[in-house]
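Structure first, then comments.
The values are calculated or read from the model by the stated rules, or taken from the named source; none is laboratory data. None of the values given here were measured: they were computed from a predicted structure. Neighbour counts run over all protein chains shown; Cβ positions are idealised from the backbone, glycine included.
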Amino acid sequence: MPHQVAHLPLGNIHRAASLRMAAILGDWRFLVHETKRRIVADNDEREERVPIAAATMVMTATGTYELGELNEGPFVAATEEAIRRAEKLPEVQKGRFEAVLLIVPAVYVVALWLQDRDGDADLLLTMPPSNPALMPYRPMTSPAFLDIVHKLAQKAPSDGVTRG
């Protein structure tokens, strides 16, 4: 499932009235899957698709997209897991949500941000190995997420190293 990538810079965390106003939407990210065969009960063979990489497409100066990054890190499988868990949430099943990968580099947090297309009931599921102050895959509201991230940001240095 293609999804947009959003960044939440340190300076925007401190001024954030809402996550939608503070985050900067940008590139598009696609999960790359591989089909694997595995043996299950009674030597029955089953195929399953597993994520092996994420391809990020960036917009060029001419308005077209090109491959900007190919990533095989831990957030690839974590994104797939967050999406699967989100699909099972009653509010997601009843509503209309758009998945966005939210990156908060200054406090080492990456989350699946489910933007409510019919209102402002956004949900976030933090992905491991993000900052341990946030429980992995536990759905939380946007204000609750911002509150924790703001507290973490108060301890973060604001320099080029943390992209803050």
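In region 49-83, the qualifying residues are those that are of a type in the set (Ser, Thr, Tyr) and crowded, with 16+ Cβ neighbours inside 10 Å, and the one that is nearest to LEU102 (Cα to Cα) is THR79.
So if I check each of MET1, MET21, which one is part of a helix (DSSP H, G or I) and not charged (D, E, K, R)?
Exactly one residue qualifies, and that residue is MET21.
Taken over region 81-132, the criterion of being hydrophobic (A, V, I, L, M, F, W, C), in a helix (DSSP H, G or I) and under 21 Å from ALA153 (Cβ atoms) is satisfied by ALA106, VAL107.
Taking each residue of region 129-145 that is within 13 Å of TYR108 (Cα to Cα) and looking for partners that are at pLDDT below 95 and surrounded by fewer than 14 Cβ atoms within 10 Å (Cβ to Cβ) with beta-carbon atoms closer than 6 Å, six or more apart or interchain, yields PRO129/PRO74. Need the failing condition index for ILE148 against (1) assigned to a strand (DSSP E or B); (2) more than 12 Å from the chain's Cα centre (by Cα); (3) of a type in the set (A, V, I, L, M), just the number. For ILE148, the failing item is (1).
Pairs are defined by a Cβ separation below 9 Å, a sequence spacing of at least 6 or placement on different chains, a first member in region 52-73 that is at negative phi and touching a residue at least 40 places away in the same chain (Cβ under 8 Å), and a second member that is acidic (Asp, Glu) and part of a strand (DSSP E or B); the pairs so defined are THR56/ASP27; THR56/GLU69; GLY68/ASP27.
Condition check ((1) over 17 Å from ALA16 (Cα atoms); (2) of a type in the set (D, E, K, R); (3) buried (at least 17 other Cβ atoms within 10 Å of the Cβ)) across all residues:
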| position | (1), (2), (3) |
| --- | --- |
| LYS94 | yes, yes, no |
| LEU124 | no, no, yes |
| LEU134 | yes, no, yes |
| ARG138 | yes, yes, no |
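Apart from one condition, VAL104 fits all of (1) surrounded by 22 or more Cβ atoms within 10 Å (Cβ to Cβ); (2) closer than 21 Å to GLU72 by Cβ; (3) touching a residue at least 24 places away in the same chain (Cβ under 8 Å); the exception is (2). Might you let me know whether region 38-56 holds any residue that is farther than 26 Å from LYS151 by Cβ, in a loop (DSSP other than H, G, I, E, B) and not polar (S, T, N, Q)? For region 38-56, residues farther than 26 Å from LYS151 by Cβ, in a loop (DSSP other than H, G, I, E, B) and not polar (S, T, N, Q): absent.
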